[in-house]
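Input: a single structure, listed below in structure tokens.
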Amino acid sequence: GQNIDQPTEMTATEGAIVQINCTYQTSGFNGLFWYQQHAGEAPTFLSYNVLDGLEEKGRFSSFLSRSKGYSYLLLKELQMKDSASYLCAVTKAAGNKLTFGGGTRVLVKP
Amino acid sequence: GAGVSQSPSNKVTEKGKDVELRCDPISGHTALYWYRQRLGQGLEFLIYFQGNSAPDKSGLPSDRFSAERTGESVSTLTIQRTQQEDSAVYLCASSAPRAGNIQYFGAGTRLSVL
């Protein structure tokens, strides 16, 4: 089976850093995705980790440890527009379906 | 097209009626996926099409749900005899190997069953 866990909600201050953790237990693993979803909108792609380690893209970084079944998304220099849900998803094979966690709602306060 | 397009954006129906939801994937994307998102919850996989292979229907919650795709173009998701628990946002995504197999999502169809 598939089990993907992430915190339900996090609050942070504008300009600060927030780390969203995701742990997974899956029968088969190829890669892990992070998506951002603003209320009422489509999820938008943030990152795709296949190999262990940290990948940095501007203010956003994503980390993967396959041996620990663990990933995190790091958001730096938080802006008000970063208030959104962040979705962790796992795939068993490239191009295959995604299995999502419940999402983490991040609220950025002034 | 430039992105994944879904229609209608909103659909209100009465319990027991059939509904059809449409998805136009990004041109050239060989894979197409349907997901469902209930209010305040994560996305649940429903079905996916990959090229000419038989679709993976393992996520369809009941036989009232079905989907078709013609070649590598449009897909329709049909829900027969709708129930109130079918109320959700239905999201479509498409991907292609040449685009890193990243799934790009449409804005979804918000279905409300009264």
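When the criteria are applied in full, B:Arg110 fails the requirement of being in contact with a Gly (Cβ under 7 Å, 6 or more places away or on another chain) and at pLDDT 95 or above.
Only residues that are in contact with a Ser or Thr (Cβ under 8 Å, 6 or more places away or on another chain), among the polar types (S, T, N, Q) and more than 13 Å from chain B (Cβ to nearest Cβ) were counted across segment A:62-110, and they come to 3.
Among the residues making up segment A:52-61, a single one is out of contact with any Leu (no Cβ under 6 Å at 6 or more places or on another chain), among the acidic types (Asp, Glu) and more than 14 Å from chain B (Cβ to nearest Cβ): A:Glu56.
Please list, ordered by residue number, the strands (runs of 3 or more DSSP E) wholly in segment B:10-81 having 1 or more residues that are over 13 Å from the mean Cα position of the chain (by Cα). Qualifying strands (runs of 3 or more DSSP E): B:10-13, B:43-50. Does A:Leu46 count as among the hydrophobic types (A, V, I, L, M, F, W, C), touching a strand residue (DSSP E or B) at 6+ places or on another chain (Cβ under 7 Å) and more than 14 Å from every other protein chain (Cβ to nearest Cβ)? It is false that A:Leu46 is among the hydrophobic types (A, V, I, L, M, F, W, C), touching a strand residue (DSSP E or B) at 6+ places or on another chain (Cβ under 7 Å) and more than 14 Å from every other protein chain (Cβ to nearest Cβ). Every test in (1) closer than 21 Å to A:Ala42 by Cβ; (2) of a type in the set (S, T, N, Q); (3) within 14 Å of another protein chain (Cβ to nearest Cβ); (4) in a loop (DSSP other than H, G, I, E, B) is passed by B:Ser94 save one, and that test is (4). Against the condition among the polar types (S, T, N, Q) and free of Cβ contacts under 8 Å to residues at least 40 places away in the same chain, how does B:Ser9 come out, does it pass? Judged against the criteria, B:Ser9 is not a match. Return yes or no: is B:Gly100 surrounded by 15 or more Cβ atoms within 10 Å (Cβ to Cβ) and at the interface with chain A (Cβ under 9 Å from one of its Cβ atoms)? For B:Gly100, the condition - surrounded by 15 or more Cβ atoms within 10 Å (Cβ to Cβ) and at the interface with chain A (Cβ under 9 Å from one of its Cβ atoms) - is not met. For segment A:64-87, filtering for residues that are crowded, with 20+ Cβ neighbours inside 10 Å and in contact with a Phe, Trp or Tyr (Cβ under 8 Å, 6 or more places away or on another chain) leaves 6.
A search for C-beta distances below 6 Å between a residue of segment A:21-35 that is within 12 Å of chain B (Cβ to nearest Cβ) and any residue that is among the polar types (S, T, N, Q), counting only pairs 6+ apart in sequence or on different chains, returns A:Cys22/A:Gln6; A:Cys22/A:Ser71; A:Asn30/A:Thr91; A:Gly31/A:Thr91; A:Trp34/A:Ser47; A:Trp34/A:Ser62. Taking the conditions (1) closer than 28 Å to B:His29 by Cβ; (2) touching a residue at least 24 places away in the same chain (Cβ under 8 Å) in turn, A:Thr11 satisfies each one other than (1).
Within segment A:26-44, being crowded, with 16+ Cβ neighbours inside 10 Å and within 18 Å of A:Leu74 (Cα to Cα) holds for A:Gly31, A:Leu32, A:Phe33, A:Trp34, A:Tyr35, A:Gln36, A:Gln37, A:Pro43.
The values are calculated or read from the model by the stated rules, or taken from the named source; none is laboratory data. Small disclaimer: the values here were computed from a predicted structure and weren't measured. Using ideal geometry, Cβ is built from the backbone for each residue, glycine included, and neighbour counts are taken over all protein chains shown.
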